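The values are calculated or read from the model by the stated rules, or taken from the named source; none is laboratory data. Note that the coordinates shown come from a computational prediction; the quantities given were computed from them, not determined experimentally. Here the Cβ positions follow ideal geometry from the backbone for every residue, glycine too, while neighbour counts run over all protein chains shown. For accessibility, only protein heavy atoms count, side chains too; no ligands or nucleic acids. Shrake-Rupley method; radii C 1.70, N 1.55, O 1.52, S 1.80 Å.
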Amino acid sequence: MPLAAQIAQQQMAYIPRHMLHPGAQAATPPPASTPSTSTARPDGKRVTVVRQGGGKQWEDPSLLEWDPTHFRLFVGNIGGDVADDVLHKAFSNYPSLSKARVIRDKSQAGKSRGYGFVAFKDPEDYFRAFKEMNGKYIGSHPVLLRKAQTEIKAKVVKGSKPIDKATSAVLKTATGGHRIKKKYK
C-alpha cells in the first residue's frame, strides 16, 4: 500500500463523525481535568469515553487527554524500570512527538503493566518511528510496536455515577430482558 494511502487510512480513523458530514454541528468536548475523573458540565452531565471489551463496558476518561487527530502507537513489552519520561526520551528523535505514557496498574501501587502509548502529530514521524523503533531496547526489554486500536470518541453521559445505566442495559440485553435471580444456599 502506498504511503499516501496509509496516511489517509490512519487519518480517517481519528476524524470524529460529526466532521465527516457537512452541515453537522461541531462540538469539541473539553479535555479532562484529571485522568481519574470525567469532565463535569453545568447541566449535570459528564464527558467521558465509554469502552467495551470482554463482555464488559466501562468508562475511561483518561483517553480525553489524548488528541484524537494525532497518530498513536502501542508500545508493548516495556520493562518495569521504564517511566513516562524514559519512554518520551526514547522517542524524542521524532519532532512531532506529542505525548508518551506508560500504563500503570492502580491496584498494585502504580506498577507498570508492561505497555504504553506514544502519539505523533505528523504521520511521517509516526511511520518512521514504527519502522525504526520496533524491536529496539527501551530500558531492559526490546519493545513491540503496533498501531493503537482504541478510538477516542467523547460521549456525554447523564449523572455522576460511572456507567451504571449502560451496565444495566448490557445485562438486560444479555439475559433477554429477564431478571437474574440469585440462589442462596
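Summary of values
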read-out	value
Members of the range 41-65 that are over 26 Å from residue 143 (Cβ atoms) and part of a loop (DSSP other than H, G, I, E, B)	41, 42, 43, 44, 45, 55
Residues located in the range 97-112, provided they are aliphatic (A, V, I, L, M), open to solvent by 30 Å² or more (accessible area, probe 1.4 Å) and at pLDDT 90 or above	103
Any hit, the range 120-137, residues being assigned to a strand (DSSP E or B), among the hydrophobic types (A, V, I, L, M, F, W, C), over 29 Å from residue 156 (Cα atoms) and open to solvent by less than 30 Å² (accessible area, probe 1.4 Å)	no
Residues being closer than 12 Å to residue 75 by Cβ, part of a loop (DSSP other than H, G, I, E, B) and open to solvent by 30 Å² or more (accessible area, probe 1.4 Å) - total across the range 138-151	1
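Here's the yes/no breakdown for (1) buried (at least 17 other Cβ atoms within 10 Å of the Cβ); (2) part of a loop (DSSP other than H, G, I, E, B):
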| site | (1), (2) |
| --- | --- |
| 67 | no, yes |
| 82 | yes, yes |
| 86 | no, no |
| 95 | no, yes |
| 117 | yes, no |
